[in-house]
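Trainee: After the C-alpha cells below, expect a handful of questions from me.
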Amino acid sequence: MTLALDRSTETVVAAVPAVAGATLRVPLVTGGDIGYANLDHAASAPCLDAVHTAVDEFLPWYASVHRGAGFASQVSTRLYERTRDVLRRFVDARTGDSVIFTRNTTDAFNLLAKALPRKTSVVVFDSEHHAALLPWRGPNVRRVQLPRTRLAAVSVVDEALAECPQGPRLVVVAGASNVTGELLPVAEIAAVARKHGARVALDAAQLAPHRRISLRELDVDYVALSGHKLYAPFGAGALIGRSDWLRAAEPYLAGGGATKLVTEEAVVWNSGEERHEAGSPNTVGVYALGVACEQLAAQWDAVGSHEAALLERLRKGLEGLPGFAELRFFDAPVDRVGTVSFVVDGFEPGWLAAVLSAEYGIGVRDGAFCAHVAARRLIREAGSEGQQAVRVSLGLGSTEEHVDRLVLALRQIVARGARWEYAKVDGRWAPVGDTRELPPFCA
C-alpha cells in the first residue's frame, strides 16, 4: 500500500536562526540513513549555530570569575555579569530584580522554595511539570486541578487564595503546558493573585523558547527558565525576580562565592545574587544562555511565524488519522506553542515512538512527560486505558519535511504496522537484532 501526502497545502516558513544538527543523518534499522527529524524540542532543544560559534570563541578565554586577577578571569567575569543584564532584558524584568544562575528550571524552583518566608501558602495547578509541582511541600500547599476553561482556571486560583491563612502567598503557574502546548491565562491569574496580596512564580521553560515574556506586562514576580530548552544546552538556567525574599533567605548552597567573610566563629554571607551561587559557576553555560536569548529576542517574528505554520500543518495532517485523540486541557481552542500530545487507539505509545525512530528517523517523546498527574488524567479523558502518550514538539530545528514525514509514517504504521520486529528491553521498546552502530565517540 503506497501512501502520499497532499502537497497542495505547502506553506512559506520563515527563515529562523540555524541549529546544530540540521544536517544530521541517522541510520535506519531497515538499512541506509536519513536526515534526522527532531520533533522533540520540548525535552531538549538543539544548540543554535550562533551559540556554538560563540562558545568556541570564548573557550580559550575561559577562567574563574569574580576572584581572579588574570586578564582571562576579567573577560570571563565581564561576560558572566553581562549575561544578567541580557536576561533582565529578555524577560523585561523590573529595576532591582535579581538574576540568579541555576542549572535549569527544576533547580530554580527548588531554590525559590527554600527562599520562601516561613508559613508561605502555595497554590499550584496539578497540571504542572514536576519541576514546578514537587518543590512545594507541607500543609500550606494547595494543589488544584486545572479546569476545562481558562476562566474557570482563574476562578479556582481566586478561591484557593481566599482559603489560605493570613501571611505570604505564592501562586505557581506554567506559561505553556509541556504536555499540550496550551498557554495558561498567566496575566489574569496574576491579577487575581494581586487582589489577595499573593506573588506569582512563572514556569517559563516551555514558553520562553516560543514567545516574548514581560514580567512587567504579566505582572508576575518570578520567572524560571532553562538553557537546554532555549537552544543553549550547556547546563545553565536562571531564576529571575524580586530580590527581597531571596536576600533574606539562607543561601541555597553553602560554599565559596556565597560568602563575604568566614572566620572560625562565624560566616557573613553575600547579600546579592552571589548569595545563592556558591561554588565555581557554569560560566560557559551562562554565556551560552545569554547568546541564545539575544538571538531569539532579535528574531521573534520569524520564530513565531515558523512555528505557527508548522503547527497548523501538523494538526491538519493528524486530523484524519484513525484512532487519533489529542490531549488537551481546555475545551475551547486557545493560543499554544508547537507541542501536540496524542494517543492512537490500539497502538502503545512507546512502541510507536520506537518505530518512528528506527524506521523513519523521527525523534518524538513517549511517556507522561514529567507531568504524571495531569498527563494520565488527560490520557484517560482521551479514552485510552494506558498511562502514556506520544508527544511531538516543534522548534527551530523542525521543517515541513519533518512534519510531513511524521504524518505519512503514522498513516503507514496504522495502515500496515511496522516493517521490523520489536521487543521490550529494560522496559523500553527496541528493534530486535538491531545492528546499527553508534558514533565512534560513544565507544
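The values are calculated or read from the model by the stated rules, or taken from the named source; none is laboratory data. Treat the numbers as computed from the prediction; the structure is a model and nothing was measured. Using ideal geometry, Cβ is built from the backbone for each residue, glycine included, and neighbour counts are taken over all protein chains shown. Accessible surface areas use protein heavy atoms only, side chains included; no ligands, DNA or RNA. Shrake-Rupley method; radii C 1.70, N 1.55, O 1.52, S 1.80 Å.
Trainee: Residue by residue through the stretch 68-82, what is 3J(HN,Hα) from phi via Karplus (6.51 cos²θ - 1.76 cosθ + 1.60, θ = phi - 60°)? Round to whole Hz and write x for glycine and proline.
Mentor: x, 8, x, 5, 5, 5, 5, 4, 4, 5, 4, 5, 4, 6, 4
Trainee: With a probe of 1.4 Å, find how much accessible area the chain has per residue, and write the answer as a whole number in Å². Could the numbers behind the result be given before it?
Mentor: Values: 19510 Å² over 443 residues.
Averaged over the residues of the chain, the accessible area is 44 Å².
Trainee: Using θ = phi - 60° and the Karplus curve 6.51 cos²θ - 1.76 cosθ + 1.60, what whole-Hz ³J(HN,Hα) does each residue of the stretch 17-23 get, with Gly and Pro shown as x?
Mentor: x, 7, 10, 5, x, 4, 9
Trainee: While we're here: Measuring from label point to label point, each 7 Å out along Cα→Cβ, what is the ARG118 to LEU438 span in nm?
Mentor: Spacing of the two 7 Å Cα→Cβ label points: 5.0 nm.
Trainee: If you average the alpha carbon positions of the stretch 353-429 and of the stretch 236-293, how far apart do those two centres end up, in angstrom?
Mentor: 40 Å
Trainee: How high is the relative contact order of the chain, given as a whole-number percent (alpha carbon pairs under 8 Å, six or more residues apart)?
Mentor: Values: 876 pairs, mean separation 101.1, N = 443.
Once normalised by length, the contact order is 23 percent.
Trainee: Related question: Work out, in µm²/s and without decimals, the Stokes-Einstein translational diffusion coefficient of the stretch 347-423 at 4 °C, 1.567 mPa s, Rh from Kirkwood over C-alpha pairs.
Mentor: On the way: Rh = 13.4 Å.
Once the numbers are plugged in, D ends up at 97 µm²/s.
Trainee: What is the set of long-range amide H partners of ASP366 at a cut-off below 5 Å, with H atoms built 1.01 Å from backbone N?
Mentor: ARG391
Trainee: By how many nm would the segment from ARG137 to VAL373 lengthen if fully extended, with 0.36 nm per residue of separation less the alpha-carbon distance?
Mentor: Working: separation 236, 0.36 × 236 = 84.96 nm, distance 1.60 nm.
In short, 83.4 nm is gained.
Trainee: Amide H of THR259 versus every other amide H placed in the peptide plane: which residues, excluding those fewer than 5 positions away on the same chain, fall under 5 Å?
Mentor: The answer is ASN270.
Trainee: Give me P(r) over the stretch 40-108, computed from all C-alpha to C-alpha distances, binned every 10 Å, as integer percentages.
Mentor: 16, 37, 39, 8, 0
Trainee: OK, next. Ignoring any ligand, DNA or RNA, what whole percent of the accessible area of the chain comes from carbon and sulfur when the probe is 1.4 angstrom?
Mentor: Working: 10150 of 19510 Å².
After summing per-atom areas, the C and S share lands at 52 percent.
Trainee: Roughly what % antiparallel, to the nearest 5, for the DSSP beta bridges in the chain?
Mentor: Working: 34 of 53 bridges.
Antiparallel: roughly 65 percent of the beta bridges in the chain.
Trainee: I'd like the accessible area for LYS260, computed on protein heavy atoms only with a 1.4 Å probe and all protein chains in place. Round to 10 Å², please.
Mentor: About 140 Å², rounded to the nearest 10.
Trainee: Moving on. Sort the stretch 212-331 into rounded, prolate or oblate with this rule: let a ≥ b ≥ c be the square roots of the eigenvalues of the Cα gyration tensor; rounded if a/c is under 1.5, and if a/c is not under 1.5, prolate when a/b is larger than b/c, oblate otherwise.
Mentor: Working: a/c = 2.78, a/b = 2.48, b/c = 1.12.
Prolate shape, in that a/c is at least 1.5 and a/b is the bigger ratio.
Trainee: Return the distance in nm (one decimal) between the two label points of a simple spin-label model at GLU312 and VAL26, each offset 7 Å from Cα along Cα→Cβ.
Mentor: 2.9 nm
Trainee: For ASP126, enumerate residues with amide H under 5 Å from its amide H, sequence gap 5+ or separate chain, H modeled in the peptide plane.
Mentor: When sequence neighbours closer than 5 places are left aside, the close amide H contacts are VAL144, GLN145, LEU146.
Trainee: Additional query: Rounded, prolate or oblate, given the Cα gyration tensor of the stretch 51-298, with a/c below 1.5 counting as rounded?
Mentor: Details: a/c = 2.40, a/b = 1.44, b/c = 1.67.
Verdict is oblate for the stretch 51-298.
Trainee: Now a separate question. Protein chains only, probe 1.4 Å: how do ASP219, ASP426, ASP404 rank by accessible area, largest first? Could you put the intermediate results ahead of the total?
Mentor: Details: ASP219 55, ASP426 155, ASP404 15 Å².
If we order ASP219, ASP426, ASP404 from most to least accessible, we get ASP426, ASP219, ASP404.
Trainee: Let me ask something else. Simple spin-label model, 7 Å along Cα-to-Cβ: ALA191 to ALA63 in nm?
Mentor: My value for the distance between the label points is 5.3 nm.
Trainee: Averaging the inverse of every distinct alpha carbon separation and then flipping it gives the Kirkwood radius. What is it for the chain, in angstrom units? Don't skip to the answer; put the middle values down first.
Mentor: Details: mean 1/r = 0.0430 Å⁻¹.
After inverting the mean inverse Cα-Cα distance, the result is 23.2 Å.
Trainee: Student exercise: in the chain, how many lysine pairs 8 or more apart or on different chains have Cα atoms under 27 Å apart? Write down the numbers at each step before the final one.
Mentor: On the way: LYS114/LYS195; LYS114/LYS229; LYS114/LYS260; LYS119/LYS195; LYS229/LYS316.
Lysine pair count for the chain: 5.
Trainee: If you don't mind, there's one more thing I want to ask. Could you state the number of Å between the C-alpha centres of the stretch 319-342 and the stretch 25-88?
Mentor: 33 Å
Trainee: Can you compute 3J(HN,Hα) from phi for each residue in the stretch 351-361, using the Karplus curve 6.51 cos²θ - 1.76 cosθ + 1.60 with θ = phi - 60°, rounded to whole Hz and x for Gly and Pro?
Mentor: Along the stretch 351-361, the couplings run 5, 4, 4, 5, 5, 4, 6, 6, 9, 10, x Hz.
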